Every structure is written in structure tokens, then in C-alpha cells.
1. So, in the stretch 105-159, how many residues would count as being out of contact with any strand residue (DSSP E or B) (no Cβ under 9 Å at 6 or more places or on another chain) and among the basic types (Lys, Arg)?
2. Looking at the structure I just gave you, is Pro81 farther than 22 Å from Thr21 by Cβ and not charged (D, E, K, R)?
3. Of all residues in the stretch 112-127, count the ones that are small (Gly, Ala, Ser) and surrounded by 13 or more Cβ atoms within 10 Å (Cβ to Cβ).
4. Can you tell me which residues in the stretch 84-129 are under 16 Å from the mean Cα position of the chain (by Cα) and of a type in the set (A, V, I, L, M)?
5. Quick test for you: out of Thr36, Thr86, pick the one residue that is surrounded by 15 or more Cβ atoms within 10 Å (Cβ to Cβ), at pLDDT below 90 and within 26 Å of Val128 (Cα to Cα).
6. Given Thr9, Thr72, which one is of a type in the set (Ser, Thr, Tyr), farther than 20 Å from Leu127 by Cβ and either in contact with a helix residue (DSSP H, G or I) (Cβ under 7 Å, 6 or more places away or on another chain) or open to solvent by less than 70 Å² (accessible area, probe 1.4 Å) (or both)?
7. Considering each residue of the stretch 41-69, count those that are part of a loop (DSSP other than H, G, I, E, B) and open to solvent by 50 Å² or more (accessible area, probe 1.4 Å), and give that number.
Amino acid sequence: MENFRLPKTILIVDDDSGLTTLIQRLLRREGFHTVTAQTGSQALAWLAQHNAELMLLDLRLPDMNGEELLQTMKKRDHSIPFIVVTGQGDEQLAVKMLKCGARDYVTKDAGALELLPSVITHTLQQLVQEQRLEAAEQALAEEQERLSITLNAIADGVISTDVFGNIRTINPVAVSLTGYSKQEALGQPV
């Protein structure tokens, strides 16, 4: 993807140090930078001081479960996209976590873990696309506001139509000249 860069940091929240080491090796091989936390409290403390572009979250932690960690993060205004990486291969739980905002749900088996770098890359690409879409929507809203101000400032009556000849825009001068309200005129044929 054009202009796609690997994230500065991926936070891995998991108490299984052997598995965490394996995940770190897989991700470093692909060029990702990782930081680990073995408990929810450690993750919260780290997030209070640092930023991460993505979090890999185990649902079973020694001091709290993944859902509790997410709720605490929300209360503290720590917003971070996350992928659930767990030994719990339960479909209902996966759906629940996706509803909580998880970008994906990966089980801790060898085959799924080998796919983790591509899952992360795909997720990060989606995030970049969402950011671009948000920026484009903001730019469009600003342009529409600028156009509206300009249209309302013009001293002549202005009416624009769609390809079928139906009124899409009418400025205040045109409203006063036609005698129709804006609501009456919009969508009507010229």
C-alpha cells in the first residue's frame, strides 16, 4: 500500500513469556517493533507514559481479564486499536470481542500465530485507509461549508441542478426571486 509504514510500536499484553517471545520473533522478522506487558496493570502503566499503534491482547491475564483492561483503558482515555490473541477459540467470545472493538481475533495455535504478521499488516492497512477516509470527509465538510458561505454571499440568484434538471442548490437571493422556500425548491425540476 502506498505510504504504508510499519508502526513504531506494537504492545503485546500476555502473561505467557514463552509465547510472547515467539510472537516477538515473528514480528521482528517482519520489521515490527514490540513492547510487552505481562499484566493488565503493566499495560496500563506503560500506556500512561507511551503510545502504541496497535495492541495484541490476551484475554486471560493474572490481574484482570482482557475485557476489564479495555474498560479501564476506555475510562482513562487510552484509545488503541487491538487484536485479540488468545487460547480461547470460542466463537461467541470472538464475536463479543469484535463488538468491543477488536480488529481481529487470533487463536494461540501454531498455524494461526504464523499468520499473525499478515493479520497485523492487514489491520494496519485498514487503519491507514480509515484515517485517510476521515481526513477526506473532513476536507469535504470544510469545502462544503466554504461553498455554502460563498453561495450565500453572492448578490445574484444562483440555482444549481443535478443531471436530471432537479434543483440541488439554491441561494437566498434565488429563494427571494422565485418565491419558493429552499425546502420547496430542493429536488424540484427547474
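1. 2
2. For Pro81, the condition - farther than 22 Å from Thr21 by Cβ and not charged (D, E, K, R) - is met.
3. Within the stretch 112-127, residues that are small (Gly, Ala, Ser) and surrounded by 13 or more Cβ atoms within 10 Å (Cβ to Cβ) number 1.
4. Val84, Met97, Leu98, Ala102, Val119, Ile120, Leu124, Leu127, Val128
5. Thr86
6. Result of the check over Thr9, Thr72: Thr72.
7. 5
Residue-wise test of (1) under 26 Å from Leu19 (Cβ atoms); (2) surrounded by 13 or more Cβ atoms within 10 Å (Cβ to Cβ); (3) in contact with a helix residue (DSSP H, G or I) (Cβ under 6 Å, 6 or more places away or on another chain).
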{"position": "Tyr105", "(1), (2), (3)": "yes, yes, yes"}
{"position": "Ala110", "(1), (2), (3)": "yes, no, no"}
{"position": "Glu130", "(1), (2), (3)": "no, no, no"}
{"position": "Val163", "(1), (2), (3)": "no, no, no"}
{"position": "Asn166", "(1), (2), (3)": "no, yes, no"}
{"position": "Val173", "(1), (2), (3)": "no, yes, no"}
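The values are calculated or read from the model by the stated rules, or taken from the named source; none is laboratory data. These figures come from a predicted structure and were not determined experimentally. Cβ sites come from the backbone with ideal geometry, for glycine too, and all protein chains shown count toward neighbours. Side chains are part of the model used for accessible areas, which takes the heavy atoms of the whole protein and leaves out ligands, DNA and RNA. Shrake-Rupley method; radii C 1.70, N 1.55, O 1.52, S 1.80 Å.
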